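What follows draws every value from the coordinates through simple rules; no lab data is involved. Because the structure is a prediction, the values reported are computed rather than measured. Backbone-built Cβ (ideal geometry, glycine too); neighbour counts: all protein chains shown.
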Amino acid sequence: MSFDGRFDVWAARAQFPILERQVNGHPLIYLDSAASAQKPRAVMEAMTRASQTSYANVHRGLHTLANETTEAYEGAREAVRRLLGGCSAAGVVFTKGATEAINLVASCYGRSLQAGDEIVLSEMEHHANIVPWHFLRERRGIVLRFIPVTDDGRLDLSAYRALLGPKTRMVAVSHMSNVLGTVNPVAEIIADAHAAGALTLIDGAQAVVHGKVDVQALDADFYVFSGHKLYGPTGVGALYGKPDLLATLPPYQGGGEMIETVTLDSVTYADPPHRFEAGTPPILEAIGLGAAIAWLESLDRQAIAAHEHALYERVKDRLNGANWFTEIGTAPGKGAIFAFNVEGAHAHDIAQILDRYGIAVRAGTHCAEPLMRRFGVTSSARASFALYNTLDEADAFVDALIKTRTFFA
């Protein structure tokens with residue numbers, strides 16, 4: 001979708017009915033897409049159509065509806081495969097989201113770890129990529145090591161390399177920070193980890209939204225993302241794992257579909273990916289995720305990235321020289337996320353006042369308390385831009401922020 005070589009934001013906006021509503025007497029300006037993006041009609045229609053015309057459980061029936069639903073469900077797996085650069089479908093596991101995907105890896109791979117084994121994370125990680133590893137620290141005695149973050153929001157790669165050693169078993173880092181917007185050099189991070197004999201897990205919850213990802217080119221061992229940040233439904237996401245690696249892992253949960261045979265005395269397990277999809281999966285949600293990916297594939301992703309960057313730059317330019325706010329995260333090449341604090345104001349107050357103008361931003365720790373402590377703050381506000389936001393909305397955000405400032409000056 002382009003217009004004179006540029007992204008046609010108005011055509012894209014027309015696909016999102018919620019953007020037509022008013023909030024507190026103002027047109028909705030939704031700047032919280034890093035938390036959860038809005039859904040286009042294509043997603044809602046695909047889920048409604050599947051529910052109304054062809055719904056049954058998957059993989060288990062021989063009747064027409066079961067076959068149709070299974071085909072649509074597996075078509076969504078094929079869509080994820082394309083999204084991640086054409087990896088093997090055998091390496092694509094449906095989960096409830098990035099959080100469950102990380103827990104799956106930590107739980108299954110963690111059974112092979114021993115006391116003293118080391119996992120390398122970073123100070124910028126979402127809690128979803130910290131807490132599951134703490135479970136292993138508590139239960140198995142592993143050691144967690146953290147890559148420091150520089151003042152402008154980059155990972156200190158020299159310090160990272162110094163952390164790698166003979167006991168390093170896994171390096172798990174975000175591809176793009178949900179707070180700082182920093183896009184990490186994960187190909188380099190993965191190569192260094194592999195040279196040290198360690199596996200890698202990349203949290204791609206933000207990165208898959210804002211750019212193209214090729215897990216094979218990155219050589220990632222595991223890669224995770226959530227559907228609801230990708231303009232798809234909640235309750236669904238995906239884990240990519242190298243098929244040979246997944247085949248070495250024990251199941252995450254027991255139940256139907258993940259087995260090969262069951263007797264009173266023994267059980268054998270199905271091959272990946274079904275080994276890790278116990279029970280009835282999120283069928284309609286997976287179909288919706290497939291529709292979201294197909295919809296994105298119809299757009300010019302490069303033009304979208306340029307559009308989102310222009311929104312961030314407009315905010316930066318408008319606020320240039322203002323000494324009453326502090327941006328958290330200014331790394332070169334960062335994504336369109338603007339985390340900030342206003343002098344003399346709590347982030348929650350900023351968010352509530354902006355809401356009076358119909359502007360939705362996030363406020364709090366953003367599930368990244370270690371990162372907040374790194375920057376010496378207890379919370380921050382965050383405006384995150386998406387393909388449906390406009391330059392007019394970026395201006396309206398800055399205008400409202402300046403007005404908000406007067407409450408605390």
For helix 186-195, what angle does its Cα long axis make with the longest principal axis of the chain, in degrees from 0 to 90 and rounded to 10?
40 degrees
Which value in Å is the Kirkwood Rh of the range 45-297 over different Cα pairs?
18.8 Å
Stretch gain in nm, segment Glu369-Ser54, where the contour uses 0.36 nm per residue and the Cα spacing is subtracted:
109.0 nm
Under a crude label model (7 Å from the Cα following the beta-carbon direction), how far is Asp8 from Gln216 in nanometres?
3.3 nm
One finds, for Ala89 and Ala322 with R0 = 60 angstrom and r their Cβ-Cβ distance, a FRET efficiency to the nearest 0.05 of 0.75
Helix-only mean residue ellipticity at 222 nm, the chain, DSSP H runs n ≥ 4 weighted -39,500 (n - 2.57), per residue, nearest 500. What is it?
-11000 deg cm²/dmol
Towards the positive end of the charge dipole of the chain, with charges on Cβ (+1 Lys, Arg; -1 Asp, Glu), say which of Phe16, Ile29, Gly197 has the farthest Cα.
Ile29
Under the rule of at least 5 residues apart or a separate chain, name every residue whose amide H is placed under 5 Å from the amide H of Asp32.
Ser384
With r defined as the distance between the Cβ atoms of Ala191 and Ala162 and R0 fixed at 25 Å, what FRET efficiency is calculated, to the nearest 0.05?
0.95
Sort Trp324, Trp10, Trp133 by Cβ crowding within 10 Å, fewest neighbours at the top.
Trp10, Trp324, Trp133
Cut-off 10 angstrom, C-alpha nodes, Gaussian network model of the chain. Which of Ser107, Ser226, Ser266 fluctuates the most?
Ser266
For the range 133-168 and the range 282-303, what is the separation of their C-alpha centers, rounded to whole Å?
34 Å
Proxy exposure order for Cys108, Cys87 (fewest C-beta within 10 Å first) is Cys108, Cys87
Quick check: the angle from helix 41-53's long axis to the longest principal axis of the chain, C-alpha only, nearest 10 degrees?
40 degrees
Calculate the length of the line joining the C-alpha centroid of the range 87-125 to that of the range 389-409, in whole Å.
40 Å
Dipole moment magnitude, nearest 20 debye, the range 1-154 about Cα centre, only Lys, Arg, Asp, Glu C-beta charged
360 debye
Longest DSSP-loop-exposure-free segment, trypsin sites (Lys or Arg not before Pro), the chain, at most 16 other Cβ within 10 Å:
213-409
Check: the range 45-297 dipole with +1 on Lys, Arg Cβ and -1 on Asp, Glu Cβ, in debye:
300 debye
Relative to the longest principal axis of the chain, what angle (0 to 90°, nearest 10) does the C-alpha long axis of helix 131-140 take?
50 degrees
Taking the simple approach of a point 7 Å from Cα along Cα-to-Cβ for both Phe407 and Glu71, what is their distance in nm?
5.5 nm
Between Val131 and Leu299, what is 0.36 nm times their sequence separation minus the Cα-Cα distance? Round to one decimal in nm.
56.9 nm
